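So the structure is just underneath, and the comments pick up after that.
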Amino acid sequence: MQIKRGQALRGFTLIELLVALVILALLAVAGYRGLDAVLQARERVAAETRKWQHLAFFFSRMNQDIAQAVQRPVRDADGVIFRAAWIGNAVTVGENDAELIFTRAGIPDQGAALQVPQRIGYRLEQGAIVMLRWPALDLAPQAKPVRYTVLEGVREFTLRYLDKSGIWQQQWQYPTNLTYLPVATEVTLTLVSGEVITRVFALQ
């Protein structure tokens, strides 16, 4: 191809290069923002999935424990006072008290410590549900429970108990009948994220 006389070879001007660079930068920013939005959305979905998995595990575990409740009162740490098989407290007093304390049957096919009946409790403590497990039913002096965090991110933890008359009780205290168990227990959690979740568990 021959270049006509007077026709000069020319490349991009400085202005055209600057315009191209600006367009490229805008495309890069848009692409980064899009990728960042996708990554944030994926992280939110993963966090929500973990939250509901932890909730499902907590409710499953609590349901198994409540379903295995037995009518076995226990001796207190002083060795004299008997405590009811099932205790539902509206207010907790002391670090080893709990909103719910009861005796449950042993777990078959587990270690020797878990095959015998156990005294356990559930309490709200610093934004988490903590499970208490006492070393024995009839407590030795100064005996303290082992503590396990079973669910985090909880603002409120409330329980109600259905008696044999079909009436829901806000607490469960029957000093004249230490073996009396509720028919069912209603558990309500208010999460720090704002959701309110209620489950009802029947006793066998």
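The values are calculated or read from the model by the stated rules, or taken from the named source; none is laboratory data. Small disclaimer: the values here were computed from a predicted structure and weren't measured. Note: ideal-geometry Cβ built from the backbone for every residue, glycine included; neighbour counts use all protein chains shown.
Cβ contacts < 7 Å: first residue under 28 Å from residue 85 (Cβ atoms) and of a type in the set (Phe, Trp, Tyr), restricted to segment 179-204; second residue assigned to a strand (DSSP E or B) and at pLDDT 95 or above, any location; separation 6+ or different chain. Result?
201/184; 201/185; 201/187
What's the total number of residues in segment 128-147 that are surrounded by 12 or more Cβ atoms within 10 Å (Cβ to Cβ) and either assigned to a strand (DSSP E or B) or under 10 Å from the mean Cα position of the chain (by Cα) (or both)?
7
Exactly one of (1) modelled with pLDDT under 95; (2) at negative phi is unmet by residue 154. Its number?
(1)
I'm trying to understand the selection: among the residues of segment 141-171, which are under 26 Å from residue 56 (Cβ atoms) and hydrophobic (A, V, I, L, M, F, W, C)?
146, 150, 151, 154, 157, 159, 162, 168, listed by residue number.
Which condition breaks for residue 162 when tested against (1) of a type outside the set (Val, Ile, Thr); (2) touching a Phe, Trp or Tyr at 6+ places or on another chain (Cβ under 6 Å); (3) in contact (Cβ under 8 Å) with a residue 40 or more places away in the chain; (4) closer than 21 Å to residue 72 by Cα?
Here residue 162 meets the rest and fails (3).
Just to be sure I understand, how many residues within segment 1-56 are closer than 30 Å to residue 192 by Cβ, hydrophobic (A, V, I, L, M, F, W, C) and either under 31 Å from the mean Cα position of the chain (by Cα) or at pLDDT 75 or above (or both)?
Taking segment 1-56 first, the residues closer than 30 Å to residue 192 by Cβ are 33, 35-56.
If we keep only those that are hydrophobic (A, V, I, L, M, F, W, C) as well, we get 35, 37-39, 41, 45-47, 52, 55-56.
Restricting the remaining residues to those that are either under 31 Å from the mean Cα position of the chain (by Cα) or at pLDDT 75 or above (or both) gives 37-39, 41, 45-47, 52, 55-56.
Matching residues across segment 1-56 total 10.
Tell me yes or no: at least one residue of segment 15-37 is aromatic (Phe, Trp, Tyr), in a helix (DSSP H, G or I) and over 30 Å from residue 143 (Cβ atoms).
The answer is yes; a qualifying residue exists.
Across segment 157-204, what is the total count of residues that are among the polar types (S, T, N, Q) and farther than 12 Å from residue 88 by Cβ?
Number of matching residues: 9.
Here's the yes/no breakdown for (1) modelled with pLDDT of 90 or more; (2) under 21 Å from residue 149 (Cα atoms):
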| residue | (1), (2) |
| --- | --- |
| 58 | yes, yes |
| 65 | yes, yes |
| 68 | yes, yes |
| 77 | no, no |
| 85 | yes, no |
| 99 | yes, yes |
| 109 | no, no |
| 115 | no, no |
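Within segment 159-185, how many residues turn out to be assigned to a loop (DSSP other than H, G, I, E, B) and surrounded by fewer than 19 Cβ atoms within 10 Å (Cβ to Cβ)?
The number of residues fulfilling the criteria is 16.
Could you give every pair whose Cβ atoms fall below 6 Å, whose first residue belongs to segment 56-70 and is in contact (Cβ under 8 Å) with a residue 40 or more places away in the chain and buried (at least 16 other Cβ atoms within 10 Å of the Cβ), and whose second residue is of a type in the set (S, T, N, Q) and not in a helix (DSSP H, G or I), counting only separations of at least 6 or pairs across chains?
66/185; 70/103
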